[in-house]
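Since the structure comes first, as structure tokens, the remarks are kept for the end.
The values are calculated or read from the model by the stated rules, or taken from the named source; none is laboratory data. From a predicted model like this one, the values you see are computed outputs, not experimental measurements. Cβ coordinates were reconstructed from backbone atoms using ideal geometry, including for glycine residues, and neighbour counts include every protein chain displayed.
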Amino acid sequence: MAKIKLTKNELKKQKDALKMYRRYLPTLMLKKQQLQAEIRTIEVRIRELMEEKSRVDESFKSWIAVFGETGVFTADLLRITGIRTGLGNIAGVAIPVFEGAGFEISPYDMVLKPLWLDTALDRMRQVLLLDLEATVLEEQRRRLDHELRVTTQRVNLFEKIKIPETRGNIKKIQVYLGDQQTSAVVRGKIAKRGMERAQ
């Protein structure tokens, strides 16, 4: 605990500090609750994406055999050209928002390639979009988790340290100033009696 001056100016300073802590604490608590709610929402959305990806993967199982055909589905056939993200703001935290992705399909000879290739490329694009959106959501969650940790630390600092410490300082100063005032009154009475006796 820092050394405090036992003066009226310090008492006013401590009272102002206590008022400020009490004013900011509800805002911080509200921000903490909002961050927790948003993190839960993002986690639900990530689970939904993973379930949807599992459903697409299940439908892919019937296609697995055709993927085994050599030379039909090559790695360079479908490429991601870019991920489009925007900026969002949740409780003062800048987060990326998934807006889509660009894909490039390498040209191929439709006569030489099997008919199922178009459908397979479409399904692959769906899976990649789900993965990319999940990646952006993970980044959102990471940023919000960090902000939640910082906000929780601030709430705890105010609740458990600053407010009780400031209250204690105010009480200590008030007791000291009260003792000083009582002492001054007693000294004044003693001086008055002494002057009366001297007369």
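Below are the figures for this structure:
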| item | result |
| --- | --- |
| Matching entry among ILE161, ILE95 (being surrounded by 14 or more Cβ atoms within 10 Å (Cβ to Cβ) and on the phi < 0 side of the Ramachandran plot) | ILE95 |
| Some residue of the range 165-177 being exposed (fewer than 12 other Cβ atoms within 10 Å of the Cβ) and assigned to a helix (DSSP H, G or I) | yes |
| Residue among GLN153, GLN126, GLN181, GLN199 that is within 37 Å of the chain's Cα centre (by Cα), exposed (fewer than 12 other Cβ atoms within 10 Å of the Cβ) and not basic (Lys, Arg) | GLN153 |
| Residue that is of a type in the set (Val, Ile, Thr), under 30 Å from ARG40 (Cα atoms) and out of contact with any helix residue (DSSP H, G or I) (no Cβ under 7 Å at 6 or more places or on another chain), where the choices are VAL186, VAL150, VAL155 | VAL150 |
| Residue in the range 44-59 that is at pLDDT 90 or above and in contact with a strand residue (DSSP E or B) (Cβ under 9 Å, 6 or more places away or on another chain) present | no |
| Selected residue [touching a strand residue (DSSP E or B) at 6+ places or on another chain (Cβ under 8 Å), hydrophobic (A, V, I, L, M, F, W, C) and modelled with pLDDT under 90] from ILE105, ILE190 | ILE105 |
